[in-house]
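What follows is calculated from the coordinates using simple rules that are stated; it is not laboratory data. Being a predicted model, the structure only gives us computed values, none of them experimental. Cβ sites come from the backbone with ideal geometry, for glycine too, and all protein chains shown count toward neighbours.
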Amino acid sequence: MRIHIKYLVNIRELTGKKQEYVDFPNSSTLKDFADWLQEQYALVLPSRSIMTLLNGKNWNCYPEKIATKVQDGDEIVLFPPISGG
């Protein structure tokens, strides 16, 4: 299955990419993605310095959290926390 990954703001600088498509085995989870990300780019998830969205929702919104299974065509977006005021 193929996952679309987008890297925003300074995460883009850490990976050297704006986006990429990565193939994962069927029945992979967000944990499998986090392990791949650490191996590829030395980025550790979960992290307070990286926000993570799966199809527009924060990973913590899913009942299984990091054990959530990913599906073909899913989109993962990584970006730094945003604050304002």
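For the range 46-70, name all the residues that are buried (at least 17 other Cβ atoms within 10 Å of the Cβ) and in a helix (DSSP H, G or I).
W59, the sole residue that qualifies.
Identify the residue in the range 16-45 that is hydroxyl-bearing (S, T, Y) and farther than 15 Å from K6 by Cα and, among all such residues, is surrounded by the most Cβ atoms within 10 Å (Cβ to Cβ).
Let us first name the residues in the range 16-45 that are hydroxyl-bearing (S, T, Y), namely 21, 27-29, 41.
Applying the additional criterion that residues be farther than 15 Å from K6 by Cα yields 27-29.
Numbers: S27: 10, S28: 19, T29: 16.
Checking each candidate, the answer is S28.
Quick test of your reading of the structure: G73 fulfils all but one of (1) in a loop (DSSP other than H, G, I, E, B); (2) within 11 Å of the chain's Cα centre (by Cα); (3) not polar (S, T, N, Q). Name the failing condition by number.
With (1) in a loop (DSSP other than H, G, I, E, B); (2) within 11 Å of the chain's Cα centre (by Cα); (3) not polar (S, T, N, Q) applied to G73, the lone miss is (2).
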